[in-house]
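Reviewing the structure listed below.
Throughout, read-outs are computed from the coordinates displayed, never taken from laboratory work. Keep in mind the model is a prediction, meaning the values are calculated, not measured. Virtual Cβ from ideal backbone geometry, glycine too; neighbours counted across all protein chains shown.
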Amino acid sequence: GVDIFFVISGYLISKLILKEVFDTNKFDLKNFYERRSRRILPALIFVLLVSLIFSYFVLLPSSFVDFAKSIISSLGFVSNYYFYFSGQEYAAESGLLKPLLHTWSLSVEEQFYIIFPIIILTIYNFKKINIFTFIFLFSLISIFFAEYLSEKNEMLNFYTLPSRAWELLLGTLIATLELKKVKNKSILLSELFVLLGLIIIILSFIYFDESIAHPTYRSLPPVLGTLLILYFAQSKSII
């Protein structure tokens, strides 16, 4: 589910960033970060406050201290590294005692969007560098890094941005194609490939389990399924 989320996020948010860069040859970083804050912080703060009230009555003192630390890391968008350094394996049963464990993915996403607009704006100013090629190459570097790190430190590989960036970047590639007007027009192809994408995602939910190293190249099926849907789906298509 998180892999699908990262691809969709990369597609949606990067499309807004790239459109502004392509249309105006500049990007308002301050306005972008303000919009992200307005989008993220109200819901996040509400969840943190409600969780804090319940945790005060439910958790043991030592667990409550850990919970308070996870609140601070969540607000700073570094909870992915907090849970890594606290030794929390995501799929472990002990994760049930970490109310904010799910915020690791939000932290990865926000870390990406702090860095991505600056890199894209810099690259765009060098006219000889093709943005699509640049993003594609960095996607490959990220997935190779994830494959390497999965053998060295599987838990860090799960939580860290460099190992997850390729999922966001592949969504960005679809956004780039759309903005460059490279879009499929055939309704028949749309139906076939969107259906194929949906089947791949469903099969991923059925056959993936905790024994599969993740994220690595083995994580490609749900990502590719999501990419097919994003690229080929049309408002007129059945699915």
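Structural remarks
- Relative to the longest principal axis of the Cα atoms of the chain, the long axis of helix 61-75 lies at roughly 30 degrees.
- Distance in nm between pseudo-label sites at Arg39 and Glu178 (7 Å out along the Cβ direction from Cα): 1.3 nm
- Correct option for percent of Cα pairs over 27 Å apart [calculated from the coordinates] among [x] 39; [y] 35; [z] 42: [z]
- Relative to the longest principal axis of the Cα atoms of the chain, the long axis of helix 131-152 lies at roughly 40 degrees.
- Approximating the spin labels as points 7 Å out from Cα along Cα→Cβ, the Asn130-to-Asn31 distance works out to 3.0 nm.
- Taking 21 Å as the limit for the C-alpha separation, the pairs Lys127/Lys183; Lys26/Lys127; Lys69/Lys152; Lys30/Lys127; Lys127/Lys185 exceed it in the case of Lys127/Lys183; Lys69/Lys152; Lys30/Lys127; Lys127/Lys185.
- Taken about its Cα centre, segment 1-131 carries a charge dipole of roughly 560 debye when the Cβ of each Lys and Arg holds +1 and the Cβ of each Asp and Glu holds -1.
- For segment 1-20, backbone nitrogen atoms closer than 16 Å to the point 7 Å from Ile206 Cα along Cα-to-C-beta are found at no residue.
- Net charge dipole size for the chain [Lys, Arg +1 and Asp, Glu -1 on Cβ; Debye, nearest 20]: 1120 debye
- Segment 133-239 shape via C-alpha gyration tensor axes, a/c threshold 1.5: oblate
- Between the helical axis of 187-207 and the longest alpha-carbon principal axis of the chain there is an angle of about 20 degrees.
- Were the residues from Ile141 through Leu189 laid out at 0.36 nm apart, the gain over their Cα-Cα distance would be 14.2 nm.
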